[in-house]
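Peer 1: Below are the C-alpha cells for one structure; questions will follow.
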Amino acid sequence: QVQLVESGGGLVQAGGSLRLSCAASGRAFSSYALAWFRQAPGSEREFVAAISWTSGRTYYADSVKGRFAISRDNAQNTMYLQMNSLKPEDTAVYYCGASRLVFNTNPTNYDYWGQGTQVTVSS
C-alpha cells in the first residue's frame, strides 16, 4: 500500500506562483514512480510532470515546460511541484499518483492517488 497526500493548492492571480507538495508513505512506496496530474471540470485527467525517485530525471508535459519544476526530497519522502507564471488554463485539481512504470503519462497505469488539491488561477 502507498499513501499520498497533496497540499499547497489555492487561489492565485495569473502570473503568480504556487508550490504543491505530495507526501508519500507506505511499505511499498520506494518501488513506485511518482508523478503529478491535473483534472479540470469536464476534462480527463492529464499528465503534468514526473520525476525518477532514484536518478532525479524529470519529464514534463509540453503545456507546462519552462513554467513548472518538479523535485523531490528523498529524506522527507516528499515530491514538489513549483508552478510559476500560472495561467487561467492551469486551473484544475492537481493529483499525485504512484505507478510501477517510470515517466508514464497514462493515468490508467497509476495504482495509487492522493485526494487532490485545488489550484485556481484568476485572470
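Here is a yes/no grid of residues against (1) more than 18 Å from residue 5 (Cβ to Cβ); (2) assigned to a loop (DSSP other than H, G, I, E, B); (3) basic (Lys, Arg); (4) out of contact with any helix residue (DSSP H, G or I) (no Cβ under 8 Å at 6 or more places or on another chain):
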| site | (1), (2), (3), (4) |
| --- | --- |
| 34 | no, no, no, yes |
| 48 | no, no, no, yes |
| 66 | yes, yes, no, yes |
| 69 | yes, no, no, yes |
| 80 | no, no, no, yes |
| 94 | no, no, no, yes |
| 102 | yes, yes, no, yes |
| 115 | no, yes, no, yes |
| 118 | no, no, no, yes |
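Peer 1: Something else: Working only within segment 64-85, note down all residues that are out of contact with any strand residue (DSSP E or B) (no Cβ under 8 Å at 6 or more places or on another chain) and free of Cβ contacts under 8 Å to residues at least 40 places away in the same chain.
Peer 2: Answer for segment 64-85, where residues must be out of contact with any strand residue (DSSP E or B) (no Cβ under 8 Å at 6 or more places or on another chain) and free of Cβ contacts under 8 Å to residues at least 40 places away in the same chain: 65, 66, 74, 75.
Peer 1: Exactly one of (1) assigned to a strand (DSSP E or B); (2) in contact (Cβ under 8 Å) with a residue 40 or more places away in the chain; (3) among the small types (Gly, Ala, Ser) is unmet by residue 16. Its number?
Peer 2: The one condition residue 16 does not meet is (1).
Every residue, every condition in (1) within 23 Å of residue 85 (Cβ to Cβ); (2) in contact (Cβ under 8 Å) with a residue 60 or more places away in the chain; (3) of a type in the set (D, E, K, R); (4) surrounded by fewer than 15 Cβ atoms within 10 Å (Cβ to Cβ), yes or no:
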residue: 23; (1), (2), (3), (4): no, no, no, no
residue: 27; (1), (2), (3), (4): no, no, yes, yes
residue: 34; (1), (2), (3), (4): no, yes, no, no
residue: 40; (1), (2), (3), (4): yes, no, no, yes
residue: 49; (1), (2), (3), (4): yes, no, no, no
residue: 53; (1), (2), (3), (4): no, no, no, no
residue: 59; (1), (2), (3), (4): yes, no, no, no
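No lab work stands behind these numbers, since they all come straight from the coordinates. Bear in mind that the values here come from a model prediction, so they are computed numbers and not experimental data. No Cβ is skipped: glycine too gets one built from the backbone with ideal geometry, and neighbour counts run over all protein chains shown.
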